[in-house]
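The values are calculated or read from the model by the stated rules, or taken from the named source; none is laboratory data. Predicted model, so just to flag it, every value in this text is computed and none were measured. Cβ placement follows ideal geometry from the backbone for every residue including glycine, while neighbour counts extend to all protein chains displayed.
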Amino acid sequence: KEMNKDYFVLSFFAPRVKTKDGRPVESIAPVAKGKTIFGNGFDLYGKSDAEIFQHSRGHAKKIRSSYIEYGMGMALYNVIDPEVVELVLNDQNLITKSVIYDFLHPALRTGLLTSTDKKWHSRRKILTPTFHFNILAQFEEIFKAESLKFVEQFRGASEISISVSELIPRFTLNSICETAMGVKLDDMAEKGDNYRKNFALIEKRFLRRISNPFYWNNTTYNLFGAKEDKPMLKTIHDFSSEIIAKRRILLQDALKNRQNAHADADDDIYINKKQRFAMLDTLIFAEKDGLIDHQGICEEVDTLMFEGFDTTSMGLIFGLMNMSLYADKQELCYQEVNEFIDDDFSNLDINQIAKLKYLDCFVKETMRMFPSVPFMGRQVQRKTELANGLILPADTQIMLHVFDLHRNPKHWDSPNEFRPERFFPENSANRHIYSYIPFSAGQRNCIGQKYALLEMKTLLIVVLKQFKILPLVNPKHFVFNSGITLRTNNNIKVKLVRR
Ligand code: HEM
């Protein structure tokens, strides 16, 4: 009996969540009923990626508040309310990612996304300056060139149907490799495609691991599951290694040329006009200063490359889809773009883009309904009291369900309707700040958020200027899948008609 009070015994002795004042836990956070006698531990077992996605959506709809589950020796606190999101993301002690991020370690190792404590702090410090306004302003030239290359594919066509699901990821991978890594993919296009294909396979494996509690344990997984991952991991790591090697050579040449030219001390490589700066250079310089080693550089390159291409891909795929579905909103974007951006794109820069207020609302609303990162997880390191009265035992997994938060009917009117106008200042004033967190918030927010918005807006502007975008899909028929990023089974297509 005592045991039962402290542990959810059949969930492999999961310590129970308690309350500060002894109130029943259910009065603050209901406990979701499990599918088996083992609490919720086997709720996802044998489910498809689409069913895994629907599992949490179903709970959110039925329970309508943040709720608790128990499984595999741990409590899971599932958060869908902004009030609780605020408590979690503002807690200095809750910066460690949840155990499921460990399943990403073979691919990303412990780079900025997956590391914690001292290592995370020191890496964040090294990388933060690389997302500075002046550097993004330079990257804008690359986004523009890549966007023009994107529309160039349709040269000569007065109208054409395209699969954005297929074409966009190539654009975003090219963009991240050239900006962050300083390496053009032109002669590595096939390798890039292969990298993406293998990362998609790794994502599938990641999901299989989440849904199968036997695979949560590293030892068991390494014995029975990990072998299949090896060739995929090799492909993606070979790709990133090749990029690092290429950049090292380019950088060495640049440094040599600079010495030969007797450049004065102020002629910094970062701002030298002919030599474009890449984020990877910062890491290579940090290596010279002994702040990071080669292995560390690989970790950050894998992390930036993955985070930097897949998230913006999903944002753009849904952004172009929404342009096609809502002709009136597309027209408002188009009018605005025409007002501020010259037809030859000569003034398309970071300052002009900042003037496009309606486009900004359009992109925000797209990321509300289709957040590229639909959930995030934290792990409680030490017993933690939250201001809402809950006491979370050590090892509790906190799941922030961004998808449900962004469609929480308590905070969003008709949440399933696409309305960029929600983000007009006058319509946002009374909204809870933490009801909208596409880029997370607090210490571990997205380091690339300004970069991402700039890249996505640039492509949308270039496409809009030249084409009217017409619909070919109906999102009502979409089947969403769980993944590291938001996924759908459907091939998203649009029709482009030259203006
Ligand atoms: C639409 C595009 C993007 C979205 C929606 C997005 C969203 C997010 C979210 C929600 C997190 C927090 C994850 C967590 O707590 O587990 C995050 C972290 C991160 N993002 Fe992004 N991201 C985007 C684009 C980018 C880009 C373009 C880059 C790099 C160039 C990037 C690099 C990172 C990194 C390195 C982290 C880890 C930061 C840390 O823990 O210190 N992201 N992102």
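Being closer than 16 Å to LYS184 by Cα and in contact with a Lys or Arg (Cβ under 8 Å, 6 or more places away or on another chain) is the filter; apply it to region 213-255 and report the residue that is surrounded by the fewest Cβ atoms within 10 Å (Cβ to Cβ).
GLU242
Residue under question is PHE403, and the condition is that it be assigned to a loop (DSSP other than H, G, I, E, B), aromatic (Phe, Trp, Tyr) and within 16 Å of the ligand (Cβ to nearest atom); does it hold?
No; evaluated as a whole, the condition is false for this residue.
Mind listing whichever residues of region 364-417 are among the small types (Gly, Ala, Ser) and either without any contact (Cβ under 8 Å) to a residue 40 or more places away in the chain or on the phi > 0 side of the Ramachandran plot (or both)?
GLY389, SER414, listed by residue number.
In region 342-358, which residues are assigned to a loop (DSSP other than H, G, I, E, B), surrounded by fewer than 20 Cβ atoms within 10 Å (Cβ to Cβ) and in contact (Cβ under 8 Å) with a residue 24 or more places away in the chain?
Listed by number, the residues that qualify are ASP343, PHE345, ASP349.
Name the one entry in ASN198, ASN174 that is in a helix (DSSP H, G or I), within 15 Å of the ligand (Cβ to nearest atom) and out of contact with any Lys or Arg (no Cβ under 6 Å at 6 or more places or on another chain).
On inspection, the qualifying residue turns out to be ASN174.
Among PHE345, PHE318, which is the only one that is more than 16 Å from the ligand (Cβ to nearest atom) and over 22 Å from ARG247 (Cβ atoms)?
PHE345
So, of the residues in region 61-77 that are crowded, with 20+ Cβ neighbours inside 10 Å and touching an Asp or Glu at 6+ places or on another chain (Cβ under 9 Å), which turns out to be farthest from LEU390 (Cα to Cα)?
Among residues in region 61-77 that are crowded, with 20+ Cβ neighbours inside 10 Å and touching an Asp or Glu at 6+ places or on another chain (Cβ under 9 Å), the one farthest from LEU390 (Cα to Cα) is GLY71.
Condition first: closer than 16 Å to ALA14 by Cα and touching an Asp or Glu at 6+ places or on another chain (Cβ under 8 Å). Now tell me which residues in region 25-47 satisfy that.
Result: VAL31, ALA32, GLY34, THR36, GLY39, ASN40, ASP43.
Counting only residues that are in contact with a Lys or Arg (Cβ under 8 Å, 6 or more places away or on another chain) and surrounded by 16 or more Cβ atoms within 10 Å (Cβ to Cβ), how many does region 484-498 have?
Number of matching residues: 1.
Among the residues of region 18-44, write down those that are in a loop (DSSP other than H, G, I, E, B) and among the small types (Gly, Ala, Ser).
Pass one, region 18-44, residues in a loop (DSSP other than H, G, I, E, B): 20-24, 28-30, 32-44.
Those that are in a loop (DSSP other than H, G, I, E, B) and among the small types (Gly, Ala, Ser): GLY22, ALA29, ALA32, GLY34, GLY39, GLY41.
Given (1) under 16 Å from PHE318 (Cβ atoms); (2) touching a strand residue (DSSP E or B) at 6+ places or on another chain (Cβ under 6 Å), where does PRO471 come up short, assuming only one miss?
(2)
Only one of these is touching a residue at least 12 places away in the same chain (Cβ under 8 Å) and under 22 Å from MET456 (Cβ atoms): GLU331, GLU339, GLU307. Name it. Full working, then the answer.
Values: GLU331 fails: touching a residue at least 12 places away in the same chain (Cβ under 8 Å); GLU339 fails: touching a residue at least 12 places away in the same chain (Cβ under 8 Å).
Exactly one residue qualifies, and that residue is GLU307.
Sort out which residues of region 91-100 are closer than 19 Å to TRP216 by Cα and near the ligand (Cβ under 9 Å from one of its atoms), and write them in order of number.
Within region 91-100, LYS97, SER98 qualify.
In the list VAL337, VAL380, VAL301, which residue meets the criterion of being more than 15 Å from the chain's Cα centre (by Cα) and either within 20 Å of ASN174 (Cβ to Cβ) or hydroxyl-bearing (Ser, Thr, Tyr) (or both)?
Exactly one of VAL337, VAL380, VAL301 is more than 15 Å from the chain's Cα centre (by Cα) and either within 20 Å of ASN174 (Cβ to Cβ) or hydroxyl-bearing (Ser, Thr, Tyr) (or both), namely VAL301.
Go through region 101-151 residue by residue and tally those that are among the aromatic types (Phe, Trp, Tyr), buried (at least 20 other Cβ atoms within 10 Å of the Cβ) and either within 9 Å of the ligand (Cβ to nearest atom) or not in a helix (DSSP H, G or I) (or both).
Qualifying residue count, region 101-151: 3.
Looking at (1) under 22 Å from GLY483 (Cα atoms); (2) surrounded by 14 or more Cβ atoms within 10 Å (Cβ to Cβ), which is the one condition that is false for PHE8?
(1)
Name every residue in region 359-393 that is crowded, with 18+ Cβ neighbours inside 10 Å, away from the ligand (no atom under 16 Å from the Cβ) and not in a loop (DSSP other than H, G, I, E, B), in order of residue number.
Answer for region 359-393, where residues must be crowded, with 18+ Cβ neighbours inside 10 Å, away from the ligand (no atom under 16 Å from the Cβ) and not in a loop (DSSP other than H, G, I, E, B): THR384, LEU390, LEU392.
Which of the residues that make up region 428-448 are within 16 Å of ILE80 (Cβ to Cβ), more than 6 Å from the ligand (Cβ to nearest atom), of a type outside the set (A, V, I, L, M) and part of a loop (DSSP other than H, G, I, E, B)?
Answer for region 428-448, where residues must be within 16 Å of ILE80 (Cβ to Cβ), more than 6 Å from the ligand (Cβ to nearest atom), of a type outside the set (A, V, I, L, M) and part of a loop (DSSP other than H, G, I, E, B): ARG431, HIS432, TYR436.
Against the condition in contact with a Gly (Cβ under 9 Å, 6 or more places away or on another chain) and modelled with pLDDT under 95, how does LEU201 come out, does it pass?
Against the criterion (in contact with a Gly (Cβ under 9 Å, 6 or more places away or on another chain) and modelled with pLDDT under 95), LEU201 does not qualify.
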